[in-house]
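Participant: Attaching a single structure in structure tokens format; questions to follow.
The values are calculated or read from the model by the stated rules, or taken from the named source; none is laboratory data. None of these values were measured; they are calculated from a predicted model. Note that each Cβ is placed from the backbone with ideal geometry, even for glycine, and that neighbours are counted across all protein chains shown. SASA here: full protein model, heavy atoms, side chains in, ligands and nucleic acids out. Shrake-Rupley method; radii C 1.70, N 1.55, O 1.52, S 1.80 Å.
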Amino acid sequence: MENFKYENQTKIIFGKGTENDVGSLVKEYGSNVLLHYGGGSIKRTGLHARVVKSLKAAGVNIFELGGVVPNPRLSLVYEGIEIVRENKIDFILAVGGGSVIDSAKAIGIGALYPGDVWDFFTRKAKVEATIPVGVILTIPAAGSESSTSSVITKEEGWYKRAVGSPVMRPKFAIMNPELTLTLTQYQTACGIADMLSHVFERYFTNTKHVDYTDELCEATMRSIIKHALMVTNNPNDYNVRSEIMWEATMAHNGLLGVGREEDWASHAIEHELSGIYDIAHGAGLAIVFPAWMKYVYNHDKDRFVRFANKVFGVSVEVDMDKTINKGIEELENFFEKIGLKTKLKDVKIDRLRFEEIAKKATESGPIGRFVKLTEKDVLEILNLAYE
Ligand code: NZQ
Ligand code: ZN
């Protein structure tokens, strides 16, 4: 096991009706708040009105910026930074999913930085400080509600890039599973593919003697799969929605990755796909991950046999390849059962830009740590993912 420090400042407030207390929570941090949200779901569901009521009752001044789109854009981040600076905003409240939270985090770090916020995403500058951010989560998926990172898309060149720093963890995350009952099956499934992938990125590691966190990863993967199948048949079950919401946070709050090297190549490849083709992040991962597994499994067959056996209950055969391939097949079947595609051609992505994607994904050098992937490797994975 490697040395590690673990600290997570995000206070979780979980359960029915918890969003109604947001005003008093925000008031602990500031009195001029930027209320940041997406394309309108929070207005349709009545959540926006409840949040405004609670903020007003706490005596907080509200400035609003909606319009965050999935794969959130840099141009809106710039707009948010202007609003924060002009109005002396001291707190940003993100109401929505990963896209809204990531946009809020980028505004938070950008507002205190004299240069271009994109410098953080290109590693020209290091994040030192942020305007505090709080969250009301409406979709369990990205785990951004208690993660250290933000992922933003720059329209010029369609670069989707991430930045991370411990200071970027939100101060609090209000998580009411009732708010997720309005999600479509497709949105729910994309979220499930993402949270499962956050565990994969940690589970496939070269670090030895991390058996305890391996077991935690396996339990988390099995639970996500179980509840994903349950929610597909019974989308209005509050208790199942609760399980999924907590699993999404646990998958990406850092606990499952302590003391071990993490991979993140599949995320890097997917970010190029969603940057260029604007597909949902989880939809892209459901395609990239099985292909990545097929390409890298020879590197550590024992690990992939364990995965097939402990996560999908595949019986261990003498022929390791057989067990491993059955495990990957089970994963693909699972994604398809919840309504996702597992091939690029089925989401209408052709081969035309594969070389460009492979080049962009590896422009700062090889990606991934379990197996280091070059441009040529990424191209092979894209070909495996095609059909
Ligand atoms: O914009 P609105 O109208 O709110 O609609 C959203 C959006 O269209 C809708 N939605 C959200 N909550 C809803 C709802 N619709 C009905 N009822 C509700 N309760 O869902 C759609 C997707 O929302 P989005 O925020 O894009 O989803 P998600 O949470 O999956 O976030 C994806 C983004 O997070 C990034 C991804 O790359 C992607 O850009 N990630 C962020 C990470 C992080 N910061 O730690 C890690 C992840 O690996 C990921 O990369
Ligand atoms: Zn993800």
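Participant: How long are the three semi-axes of the equivalent ellipsoid of segment 257-348, in whole Å, if each is the root of 5 times an eigenvalue of the C-alpha gyration tensor, listed from largest down?
Facilitator: For segment 257-348, the semi-axes come out at 25, 17, 11 Å.
Participant: Expressed in whole Å with the largest first, what are the equivalent ellipsoid semi-axes of segment 183-386 derived from the C-alpha gyration tensor as the square root of 5 times each eigenvalue?
Facilitator: Square roots of five times the eigenvalues give 24, 21, 16 Å.
Participant: Something else about it: If I take the Cα coordinates of segment 132-269 and project them onto the principal axes, what are the three extents in Å, biggest first?
Facilitator: On the principal axes, segment 132-269 reaches 41, 38, 29 Å in Cα extent.
Participant: Moving on. Using only the Cα atoms of segment 51-92, build the gyration tensor, take square roots of its eigenvalues as a ≥ b ≥ c, and label the shape rounded, prolate or oblate: rounded if a/c is under 1.5, else prolate if a/b is larger than b/c, else oblate.
Facilitator: Here segment 51-92 falls in the oblate category.
Participant: Anything over 31 Å Cα to Cα? Flag those among 124/376; 124/337; 5/372; 105/372; 16/345; 11/88, in the order listed. Walk me through the numbers before you get to the answer.
Facilitator: Values: 124/376 27 Å; 124/337 43 Å; 5/372 25 Å; 105/372 29 Å; 16/345 41 Å; 11/88 25 Å.
As for pairs spanning more than 31 Å Cα to Cα, those are 124/337; 16/345.
Participant: Gaussian network model of the chain, Cα springs within a sub-10 Å range: biggest mean-square fluctuation belongs to which of 159, 212, 78?
Facilitator: It is 212.
Participant: What number in nm² do you get for segment 11-179 if you take the convex hull of its Cα atoms and divide its surface by four? Each step should come with its number before you reach the end.
Facilitator: Numbers: hull surface 34.1 nm².
Convex hull of Cα atoms, orientation-averaged projection: 8.5 nm².
Participant: Find the eigenvalues of the gyration tensor of the Cα atoms of segment 244-308, then list the square roots of 5 times those eigenvalues as equivalent ellipsoid semi-axes, largest first, in whole angstrom.
Facilitator: After diagonalising the Cα gyration tensor, the semi-axes are 21, 19, 11 Å.
Participant: Would you tally the net charge around residue 384, using a Cβ to Cβ cut-off of less than 10 Å, leaving residue 384 out, and scoring K and R as +1, D and E as -1?
Facilitator: 0
Participant: For segment 183-386, with the dipole built from +1 on Lys and Arg beta-carbon atoms and -1 on Asp and Glu ones, taken about the Cα centre, which of 205, 292, 344 lies farthest toward the positive end?
Facilitator: The one lying farthest along the dipole's positive direction is 344.
Participant: Taking the chain as a Gaussian network, where each spring joins two C-alpha atoms under 10 Å apart, which residue of 128, 355, 28 fluctuates the most?
Facilitator: Among 128, 355, 28, the largest mean-square fluctuation in the Gaussian network model of the chain belongs to 28.
Participant: Follow-up question, since we're still on this one. Could you tell me the convex hull volume per residue, in Å³, taken over the Cα atoms of segment 326-387?
Facilitator: Spread over its residues, the Cα hull of segment 326-387 gives 100 Å³ apiece.
Participant: Just 240, 318, 210 to compare: in a GNM of the chain, with alpha carbon springs under 10 Å, which one fluctuates most?
Facilitator: Result for the chain, Cα springs under 10 Å: 318 fluctuates most.
Participant: Of the heavy-atom accessible surface of the chain (probe 1.4 angstrom), what whole percent is carbon and sulfur? Present the calculation step by step, with values, prior to reporting the outcome.
Facilitator: Details: 8190 of 16040 Å².
Carbon and sulfur together cover 51 percent of it.
Participant: Rg to Rh ratio, the chain, alpha-carbon atoms and Kirkwood radius? Write down the numbers at each step before the final one.
Facilitator: Values: Rg = 20.4 Å, Rh = 21.2 Å.
Result for the chain is an Rg/Rh of 0.96.
Participant: If you count only protein heavy atoms with a 1.4 Å probe, what accessible area per residue comes out for the chain, rounded to a whole Å²?
Facilitator: Per-residue accessible area for the chain comes out at 41 Å².
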